[in-house]
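Chemist: This is the structure I have questions about; it appears just below.
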Amino acid sequence: MNDIVATSPSWVSELKEHFLATYLGDHGMMITNMNSDGTADENEPVVADFGDILPFLWYFGMHDFVEKQLQLSKDWLDDGLYVSNGRTKLFFNHDWLLGLIDLYRQSGKKELLAMAEKGARTIEQKFFCGDLLVDEPLTISDWRTWLAPASPFNGGYIELWLDLYRFTDNRDYLGYAKRLAGGWIETADFVEHGVFSRKLSARSALLDKLALSRSRLRTRLFKDNTNLMWSILVLYQRTGEDRWKQALSRWVDGFKKYFLNDGNVFLMLDMQLQGYNPSIKAGFSSLDLLCDLYDAEVEQDAVLEMARSIADFWLTQQWENGLFPEIPGGDEDHIDANVDIVVGLAKLYDITRDLTYLGALTRCRAAVLSEHKTPLGYCQTVDSDGEPVDARIKIKYQGLLTKLAILPEDPSDIFKDDDKLELLRDR
């Protein structure tokens, strides 16, 4: 366990003060969003995004604050899972549970591990339908839950169970992980095309086909495919089983065929598997994942060529001030996307030692901290002149921003630092 408190640069120290005094609601917990005048834009506690905040605050020494937030969060839980508006959905529990694991990894506090185990057990007991996890359990008042929709995003829980297996040696968690991964690699679209598509009904193939016939979106890259792929990558690394390596290679082929788009990566695929909505979210997430696949020695020649094509495309989009637009040719950026493309470029620089990537990430890192800064923190969106477009302060992005302080100025050996890689991962 890592109990060393990192030194905070001045801008992180300022953020820490905001967490203590500015970002709290009347309930004593961090709120979700704040307007530029300091009023709450969304007052609900940010429990669902604790994993994007608390592990970073712990890293920079805010131990008492983190422990108090965790204590207060218990009033918002049922069987270890976060409940929002009376509903328990997997989408709102992923970062919560992975955050507990990250905090346990840093602190060694057994209570955090027990909290994560309780939620993970509830998921296994209440959310499996066949070998997939449904988005939420059956709710009589919502007919959509009767279909048992299942998103590939939920494949991210494979990584949670593998982390619990790592820390407890309980093979039940390994079994849950293999069950869910096996369910997804046996879905029709993955077998035929090498991509993970939504299941609008995990309960019935006929209902799934009928529901999809009324939909435009078939497959989403960011979070859906990338989270599931990271989970399968970890499963392969922990077990060494060829089944999972073959699945990784199959997805690499599918990504190249359907998403890559000469480096201008598509975010989504329609019902005919035609790509649309290229964006920086698709770009940075696939760049990051491809670099991790390279490090794991999976299809190295292919993934490096694709990673370079993505980075090279986005470098043509970088503004004079160093930031990247949210979409190609756009005039608005997104603070978190810029943080994450810095991390992706850092990994690519570690692999290639190409100074072009180091220069681009260094400029972007400095620009995020200068162009997004406001009296209350760092705003969500600016234009190419650095003028705010969306001046709201999203609290989880203040936590994720500290990745820029965790990432070394010279990231040439970032793949050798497992502790930092754990914090820098984008899930």
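Chemist: For the list (1) open to solvent by less than 30 Å² (accessible area, probe 1.4 Å); (2) on the phi > 0 side of the Ramachandran plot; (3) under 24 Å from the mean Cα position of the chain (by Cα), I need the number of the one condition that Gly61 fails.
Modeler: Here Gly61 clears every test but (1).
Chemist: Any residue that is in a helix (DSSP H, G or I), free of Cβ contacts under 8 Å to residues at least 24 places away in the same chain, over 22 Å from the mean Cα position of the chain (by Cα) and over 18 Å from Lys281 (Cα atoms) - is there at least one of those in the stretch 337-356?
Modeler: Yes, the stretch 337-356 contains a residue that is in a helix (DSSP H, G or I), free of Cβ contacts under 8 Å to residues at least 24 places away in the same chain, over 22 Å from the mean Cα position of the chain (by Cα) and over 18 Å from Lys281 (Cα atoms).
Chemist: Moving to a separate point now. Checking Leu98 against (1) crowded, with 17+ Cβ neighbours inside 10 Å; (2) at pLDDT below 95: exactly one of these is not met. Which one?
Modeler: Going through (1) crowded, with 17+ Cβ neighbours inside 10 Å; (2) at pLDDT below 95 one by one, Leu98 breaks only (2).
Chemist: Condition first: outside any helix (DSSP H, G or I), open to solvent by less than 20 Å² (accessible area, probe 1.4 Å) and without any contact (Cβ under 8 Å) to a residue 60 or more places away in the chain. Now tell me which residues in the stretch 261-302 satisfy that.
Modeler: Val265, Leu267, Ser279
Chemist: If you don't mind, another one. Scan the stretch 407-427 for residues that are under 24 Å from Trp319 (Cα atoms) and surrounded by fewer than 19 Cβ atoms within 10 Å (Cβ to Cβ) and jot them down.
Modeler: Pro408, Glu409, Asp410
Chemist: Moving to a separate point now. Quick check: is even one residue across the stretch 165-188 open to solvent by 10 Å² or more (accessible area, probe 1.4 Å), outside any helix (DSSP H, G or I) and under 26 Å from Thr32 (Cα atoms)?
Modeler: no
Chemist: Also, quick follow-up: Being open to solvent by less than 20 Å² (accessible area, probe 1.4 Å), hydroxyl-bearing (Ser, Thr, Tyr), part of a helix (DSSP H, G or I) and without any contact (Cβ under 8 Å) to a residue 40 or more places away in the chain, is that true of even one residue in the stretch 138-157?
Modeler: yes
The values are calculated or read from the model by the stated rules, or taken from the named source; none is laboratory data. Note that the structure is a prediction, hence the values are computed from the model and not measured. Heads up, the Cβs are rebuilt from the backbone with ideal geometry, glycines too, and the neighbour counts pull from every protein chain shown. The protein model used for the area step is the full one, side chains on, heavy atoms only, and it has no ligands, DNA or RNA in it. Shrake-Rupley method; radii C 1.70, N 1.55, O 1.52, S 1.80 Å.
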